[in-house]
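Visitor: I'd like to ask you about the structure that follows.
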Amino acid sequence: MKTLVDMWRFRGLARAIAERDLRMRYTGSVLGPLWLLLQPLSMVLVYTLVFSQLMRARLPGIDSSFAYSVYLLTGVISWGMFQEIVQRSKGILVEHGNLIKKVSFPRLVLFVPVVAVAAFNFLVMAALFIIFLLLTGLFPGWAIFAAIAPLGVLVLMALAIGVMLSALQVFFRDIGQVVDIVLQLVFWGTPIVYPITILPEHAQRWLEWNPIMAPIRSLHTIFLEHQVPALAPLGYPLAVAAVVGIVAVYVYRRLYGAILDEL
Amino acid sequence: MTALNLLHDTTDTQPAAPRVAPILRAINLGKAYAPGRGRQVAMRRLFSTKAEDKTDLRWVFRNVSFDIARGEAIGIIGINGAGKSTLLKLLTATAMPTEGSVECTGEIAALLELGMGFHPDFTGRQNAYLSGQTQGRTRAQIDSVIDAIREFAEIGDYFDLPLRTYSSGMGVRLAFSVATAFRPDILVVDEALAVGDAYFQHKSFARIRQFLDEGTTLLFVSHDPSAIKSLCNRALLMGSGELLMDASPDDVLDYYNAMIAERTLAHEKAATPESFDGRSGNGKARYDAVDLVAPRTGVVNQGIFRVGEPMTVRLTYTAHEALPDLVAGVLIKNRVGADAFGTNTWFLGIKEIGEQAGVQRVIEFQFEQLNLGPGSYSIAVALHRDMNHLAENYDWWERAAIFTVVLPSVATHFIGTAALPLKVVVDPVAIGAGVATPATTGTASDPTS
């Protein structure tokens, strides 16, 4: 509780760092925020072309020419936020080492801008996605508010993983590379680009262990079937987030003194 | 996260003491760095269930305890590597103690090791905001002082240029201005000011003094004895892995200088046995000892004197044969070796100091008022025949003693090597009105009065 009060006191710092991050990303570039969109757009374009046209991938049971694009965009945009939080968090203590060594402030404040910037980027993408849905007549209606639950679970999980990694990264710089590879594996181990039905039965069973799967599937339910998904399947990823979160707090507490010495 | 709470905890967990609770307490503080690489340390911390083995730690210091009361000005002294900066880091919670604890009940503003975590790509203004926000200030609060920060730093248009374009001096100017934009309960300054130029140093010292008057507690690390003497009312001496001394700045500095002198002496002896050490002469007469005598502390090897204090140079010498024309001389040189003052017994008309062969005698040059400007000085002493040492040089001893002159705490400041007694009169009656005379107080004189 006290930590939360402190964090609120330092909201100005969180805002300043968030603004700084956004400004850094866009100053000096001609197209500015457009780059934020162009990268995932190109990805979506390639996947849509390759999978839905060349490979003739069809989503079973749904008969719209845009269905695959909706399927893909839902997953890619949500995954993008998860990935950004993990990737930005893991190096945050090292990145702000200069500040951490010189000034004492609640270190967890540093994660607020990470989430805020990721959320900002996500909202920009989501807004365009919604425009696309409205234009194609595929907008899910009120069911869209049900997306808050799976997205929240994704953010919590990413944050827990990010906090834990940020403490370890101070000592083990290789973690950065390892995480990038693992994220790749998890991305392809989640039915984002492909529908899960193309996998053999036993592989589908294995994928159930992937905690990213349930939230993504919930989102698919919302945006493809326009239905409010059940909350129960989110219990497993939430539990994973909680366990990782507890481990993160333990790691952080045990290592805090050593982190200050090591930075 | 105890570290975070240190700074912002306003509740005093100690049982109510009859005296005023200290604003900052160090309780049995110790800091050590574990051997081995950081990742080994991390693995041990994460997976070892045993209590940490303290035997093979490299201790910076241990068992450091002190209480600091509100409004005290503490100087922290010690040679390089004594742990001064580490101590400040523990006190400001930018490092965790290995043992012991820190209790702090005030807001700290710290200027540690040049800079306050500034970002090189951001302008001075942006860094000022960021820095204020790391102290938990709101944007509106910083808005209200940003112009004052800009004005105090006096870096002109650089204020809106990226920090990487700054000189190190400008960085310090900005850092000091930002750190002192709000009056903190505790101000911590770690040698940072040494980088600034004399003008800015004076300006920042003036601000520190003003804060002290208003009740701020000061923790100040410096190698400049005059700064410590004039700002602080208490000093801590760090060394040999512990807190060596906790006393008045005078006592601590005297002890520290004696300690340094011993080290230097031991070092020089080890390095150059019997080689030239700034001493020459044919040895017919020779100094046995050169001592500086201060009125307060007696004989000091490397003394600190306030401007205008008495100082005695006590020369112990032996003439190894009868030397009727023996002359003893003293020459005070400033830090860069320029003569500040010199005289000898020939000029002073003192005769017959070398008649008795083989007898040790003492001659004292008693300066009633050491009217020298602040700084470091060395004394060369000589024994020679007649007016100067060109006739016959018995003994010439460069840097026989070294001393430092500091400004008395309440004195008006001045610059230069000479401390000229001065009285400033505005509109002296004898001359009448209309004579422009500089006023020391800086207030304009009224020509009609």
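Visitor: Name the residue, out of B:ARG209, B:ARG173, that is within 19 Å of B:SER248 (Cα to Cα) and in a helix (DSSP H, G or I).
Guide: B:ARG209
Visitor: Let me ask something else. Quickly run through the range B:85-132 and pick out the residues that are of a type in the set (Asp, Glu) and closer than 18 Å to A:LEU13 by Cα.
Guide: Those that are of a type in the set (Asp, Glu) and closer than 18 Å to A:LEU13 by Cα: B:GLU107, B:ASP121.
Visitor: Considering only residues that are modelled with pLDDT under 80 and under 20 Å from B:THR86 (Cα atoms), which ones fall in the range B:213-255?
Guide: B:HIS223, B:ASP224, B:SER240
Visitor: Is it fair to say A:PHE132 is at pLDDT below 90 and not in a helix (DSSP H, G or I)?
Guide: no
Visitor: I've got another one for you. Return yes when A:PRO195 is surrounded by 14 or more Cβ atoms within 10 Å (Cβ to Cβ), more than 30 Å from A:LEU93 (Cα to Cα), touching an Asp or Glu at 6+ places or on another chain (Cβ under 9 Å) and more than 14 Å from chain B (Cβ to nearest Cβ) and no when it is not.
Guide: Numbers: surrounded by 14 or more Cβ atoms within 10 Å (Cβ to Cβ): yes; more than 30 Å from A:LEU93 (Cα to Cα): yes; touching an Asp or Glu at 6+ places or on another chain (Cβ under 9 Å): no; more than 14 Å from chain B (Cβ to nearest Cβ): yes.
Taking the combined requirement at face value, the residue does not satisfy it.
Visitor: Look at B:LEU212 and say whether it is within 25 Å of B:GLU107 (Cβ to Cβ) and assigned by TED's automatic domain parsing to the domain that holds B:ARG58.
Guide: Considered against the rule, which asks whether it is within 25 Å of B:GLU107 (Cβ to Cβ) and assigned by TED's automatic domain parsing to the domain that holds B:ARG58, B:LEU212 comes out as yes.
Visitor: Which count do you get for residues in the range B:380-390 that are out of contact with any Leu (no Cβ under 7 Å at 6 or more places or on another chain), buried (at least 17 other Cβ atoms within 10 Å of the Cβ) and under 16 Å from B:PHE341 (Cβ atoms)?
Guide: The total comes to 1.
Visitor: Looking only at the range B:317-336, filter to residues that are outside any strand (DSSP E or B) and in contact (Cβ under 8 Å) with a residue 12 or more places away in the chain; which one of those is nearest to the chain's Cα centre (by Cα)?
Guide: For the range B:317-336, the residue satisfying everything is B:ARG335.
Visitor: For A:VAL182, state whether it is away from every other protein chain (no Cβ under 14 Å) and either closer than 30 Å to A:LEU99 by Cβ or among the charged types (D, E, K, R) (or both).
Guide: yes
Visitor: Can you pull out every residue in the range A:193-224 that is in contact (Cβ under 8 Å) with a residue 60 or more places away in the chain and over 19 Å from A:ALA241 (Cβ atoms)?
Guide: If we filter the range A:193-224 for residues that are in contact (Cβ under 8 Å) with a residue 60 or more places away in the chain, which is where we start, we get A:193-195, A:197-198, A:212, A:214-216, A:218-220, A:222-224.
Across the range A:193-224, the qualifying residues are A:VAL193, A:TYR194, A:PRO195, A:THR197, A:ILE198, A:HIS220, A:ILE222, A:PHE223, A:LEU224.
Okay, residues lined up against (1) among the aromatic types (Phe, Trp, Tyr); (2) part of a helix (DSSP H, G or I); (3) at pLDDT 75 or above:
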| residue | (1), (2), (3) |
| --- | --- |
| A:TRP8 | yes, yes, yes |
| A:ARG15 | no, yes, yes |
| A:ARG56 | no, no, no |
| A:VAL70 | no, yes, yes |
| A:PHE82 | yes, yes, yes |
| A:VAL86 | no, yes, yes |
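Visitor: Residues that are among the β-branched types (Val, Ile, Thr): list the helices (runs of 4 or more DSSP H) wholly contained in the range B:119-162 that include at least 2 such residues.
Guide: Once the helices (runs of 4 or more DSSP H) in the range B:119-162 are filtered for at least 2 residues that are among the β-branched types (Val, Ile, Thr), what remains is B:146-153.
Visitor: Looking only at the range B:118-127, decide whether some residue is crowded, with 17+ Cβ neighbours inside 10 Å, without any contact (Cβ under 8 Å) to a residue 12 or more places away in the chain and within 11 Å of another protein chain (Cβ to nearest Cβ).
Guide: Yes; the residues of the range B:118-127 include at least one that is crowded, with 17+ Cβ neighbours inside 10 Å, without any contact (Cβ under 8 Å) to a residue 12 or more places away in the chain and within 11 Å of another protein chain (Cβ to nearest Cβ).
The values are calculated or read from the model by the stated rules, or taken from the named source; none is laboratory data. Not measured: the values here are computed from a predicted model. Quick reminder, even Gly has a Cβ in these numbers, built from the backbone with ideal geometry, and neighbours come from all protein chains shown.
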